[in-house]
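Read the structure below first, then the notes.
The values are calculated or read from the model by the stated rules, or taken from the named source; none is laboratory data. Please read these numbers as outputs of a predicted model, since none were measured by experiment. Please note: Cβ atoms are built from the backbone with ideal geometry, for glycine as well, and neighbour counts cover all protein chains shown.
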Amino acid sequence: MSHILAIDQGTTSSRAIIFDGDMQVVASAQEEFEQHYPNSGWVEHDPSDLWSSTAATCRSVIEKAGIPEGDIAGIGITNQRETVVVWEKESGRAIHNAIVWQDRRTSDICRQLKADGYEDQVIEKTGLLLDPYFSGTKLKWILDHVDGSRERARRGELLFGTVDTYLIWRMTGGKRHVTDATNACRTLMYDSFKGGWSTTICKMLDIPMEMLPEVCDSAAEFGVTRPDLFGREIPILGVAGDQQAATIGQACFKPGMLKSTYGTGCFALLNTGDEPVRSQNRLLTTVAYQLDGKPTYALEGSIFIAGAVVQWLRDGLKIIRSASETQGLAEKADDTQDLVLVPAFVGLGAPYWNAECRGAIYGLTRGSGPEEFAKAALESVGYQTRDLLEAMRADWDDMGHPETLRVDGGMSASDWAMQFLSDIIGAKVDRPEVLETTALGAAWLAGWRAGVYADRDGFAERWRLDRCFEPGMDDDLRAEKYDRWKRAVEATMSV
Ligand SMILES: Nc1ncnc2c1ncn2[C@@H]1O[C@H](COP(=O)(O)OP(=O)(O)O)[C@@H](O)[C@H]1O
Ligand SMILES: O=P(O)(O)OC[C@H](O)CO
């Protein structure tokens with residue numbers, strides 16, 4: 001039994017990957033599912049789609065791999081974080097669509113809680129901020145809007161979960177209602193510093209604590225799959241939110257190690273070790289992983305628009321047909337123009353947390369065309385990352401100037417974007433051979449727990465570089481460009 005099945009339940013698709021005993025990918029399967037936008041700023045998923053796409057990709061990857069089910073030692077689950085599901089304990093039926101992390105419907109609730117003076121308490125207990133991004137106010141919204149649900153939850157008839165919890169409930173046939181610390185710490189209801197659900201915050205949001213799952217380590221016994229699902233019981237042994245799983249997959253196990261994942265959004269996590277660092281610069285303090293009962297902390301910067309700006313060039317402006325065309329366009333851009341694009345399509349995330357402002361572009365001339373737009377779009381991702389690193393450095397003296405940033409995610413395939421990133425942060429950018437870092441992180445958790453994979457050090461030794469981008473930009477030009485970006489952001493937030 002040397003294989004591990006990793007499940008990556010993401011925002012737009014569910015994926016399943018089988019890794020062999022050497023942590024090499026044997027087979028993978030992926031299925032997209034429908035996004036629901038019932039109102040402006042609202043984003044929902046049908047929980048049954050999350051489940052059926054996950055189950056289907058697991059079956060498909062097991063078949064593709066051509067290995068007997070008996071050869072899978074364990075399952076690791078990683079998932080889109082913060083998304084909320086509420087379901088009936090008895091029937092398993094969800095009482096509302098899942099409210100997705102991107103959903104902004106609870107802005108008013110957050111504004112009111114801030115006005116009532118609750119934000120300091122929230123930061124103090126959770127390491128997060130009062131923003132609609134996190135699960136707590138989304139769960140409150142469901143309990144406020146689905147008739148009788150709060151009373152039913154109090155009677156123990158309804159259960160809450162992030163996506164990992166919901167999938168485990170379905171996989172174990174309703175036997176386990178559990179999550180791990182990396183997912184719990186994104187809910188706004190978990191005391192990330194003491195460990196355990198926060199009575200104070202649950203009271204503030206009027207959330208019955210009966211509906212909350214048990215919180216485990218990231219490598220633990222999360223239950224076994226129903227025997228009819230994959231032909232036999234398989235133990236679920238690893239769980240982590242997708243950005244924390246990528247931190248593990250990138251082997252960022254030492255304090256000071258830093259990774260940034262470029263998918264739809266961008267999430268940078270800096271390992272700060274056993275001691276949590278409290279941000280003075282509106283970054284998030286988060287659990288990077290919890291092993292043997294001991295949490296390791298990270299500072300996180302979350303940006304909502306990274307690869308999505310490239311999707312906008314393709315689907316909105318229609319100036320490219322595929323994301324990779326941005327490379328050729330940016331190479332041909334006129335250097336004498338310096339367009340600055342602030343992609344605040346849904347407001348700005350860290351470190352600004354401005355939900356109201358919207359995107360802007362500066363420096364347009366009659367000569368500005370697709371080439372300059374593509375360049376500005378790729379540069380915007382570099383500038384936003386520099387903002388996060390500046391905030392991290394201000395928060396944590398030990399960080400100094402980062403020597404290296406490890407990158408992954410779909411957009412890290414862009415050489416042009418990664419070179420600019422290195423130029424503008426003035427540090428090396430390392431892209432690994434394996435870009436499936438999220439699934440790899442979940443697989444390692446499960447494989448380590450199963451005794452199939454090496455420990456942290458052994459795993460870290462296996463990390464392999466694909467390409468290192470080194471900064472080549474002149475210091476004065478770097479300072480001038482970044483200063484222009486900061487002024488563009490100021491202007492965007494003041495309109
Ligand atoms: N060669 C490329 N150049 C620039 N952007 C890219 C490239 N390839 C993919 N992307 C961007 O990366 C994103 C997809 O990355 P992925 O990690 O699959 O995202 P997610 O997990 O959020 O769905 C898309 O937004 C796409 O625009
Ligand atoms: O599903 P992804 O890769 O877009 O990641 C979403 C994050 O977990 C949101 O916090």
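When the residues of region 1-39 are narrowed to those that are among the β-branched types (V, I, T) and within 16 Å of ligand 2 (Cβ to nearest atom), which ends up farthest from the chain's Cα centre (by Cα)?
First, pick out the residues of region 1-39 that are among the β-branched types (V, I, T): 4, 7, 11-12, 17-18, 25-26.
From what's left, within 16 Å of ligand 2 (Cβ to nearest atom): 7, 11-12, 17.
Values: I7: 15, T11: 9, T12: 12, I17: 18 Å.
Only one residue fits best here, namely I17.
Consider region 244-258 and keep the residues that are outside any loop (DSSP other than H, G, I, E, B) and either within 13 Å of ligand 1 (Cβ to nearest atom) or at pLDDT below 95 (or both). The one that is farthest from E403 (Cα to Cα) is A245.
Mind listing whichever residues of region 66-80 are surrounded by fewer than 22 Cβ atoms within 10 Å (Cβ to Cβ) and either in contact (Cβ under 8 Å) with a residue 40 or more places away in the chain or hydrophobic (A, V, I, L, M, F, W, C) (or both)? Selection gives I67, E69, G70, D71, A73.
I'd like the full set of residues that are among the polar types (S, T, N, Q) and either at pLDDT 95 or above or within 16 Å of ligand 1 (Cβ to nearest atom) (or both), limited to region 367-417.
Matches in region 367-417: S368, S380, Q384, T385, S412, S414.
Of everything listed in (1) within 22 Å of I234 (Cβ to Cβ); (2) crowded, with 20+ Cβ neighbours inside 10 Å; (3) more than 16 Å from ligand 1 (Cβ to nearest atom), the single unmet condition for I99 is (1). Residues in region 441-495 that are out of contact with any Lys or Arg (no Cβ under 9 Å at 6 or more places or on another chain), of a type in the set (D, E) and more than 30 Å from Y352 (Cβ to Cβ): 3 in all. A single entry from E124, E44, E88, E63 fulfils the requirement of being free of Cβ contacts under 8 Å to residues at least 12 places away in the same chain, closer than 24 Å to R170 by Cβ and away from ligand 1 (no atom under 16 Å from the Cβ): E63.
No other residue among L405, L389 is in a helix (DSSP H, G or I), away from ligand 2 (no atom under 16 Å from the Cβ), crowded, with 21+ Cβ neighbours inside 10 Å and in the same structural domain as T326 (by TED's automatic domain parsing) apart from L389.
Table: residues versus (1) assigned by TED's automatic domain parsing to the domain that holds K114; (2) within 15 Å of ligand 2 (Cβ to nearest atom).
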position: L188; (1), (2): yes, yes
position: D191; (1), (2): yes, no
position: P255; (1), (2): no, no
position: L270; (1), (2): no, no
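Taken over region 408-434, the residue count meeting the criterion of being part of a loop (DSSP other than H, G, I, E, B) and either in contact with a Ser or Thr (Cβ under 7 Å, 6 or more places away or on another chain) or at positive phi (or both) is 4. Listed conditions (1) part of a strand (DSSP E or B); (2) over 24 Å from W353 (Cβ atoms); (3) among the hydrophobic types (A, V, I, L, M, F, W, C); (4) away from ligand 2 (no atom under 14 Å from the Cβ) are all met by F222, apart from (1).
Exactly one residue out of E275, E221 is of a type in the set (D, E), more than 30 Å from L143 (Cα to Cα) and at pLDDT 95 or above: that is E221.
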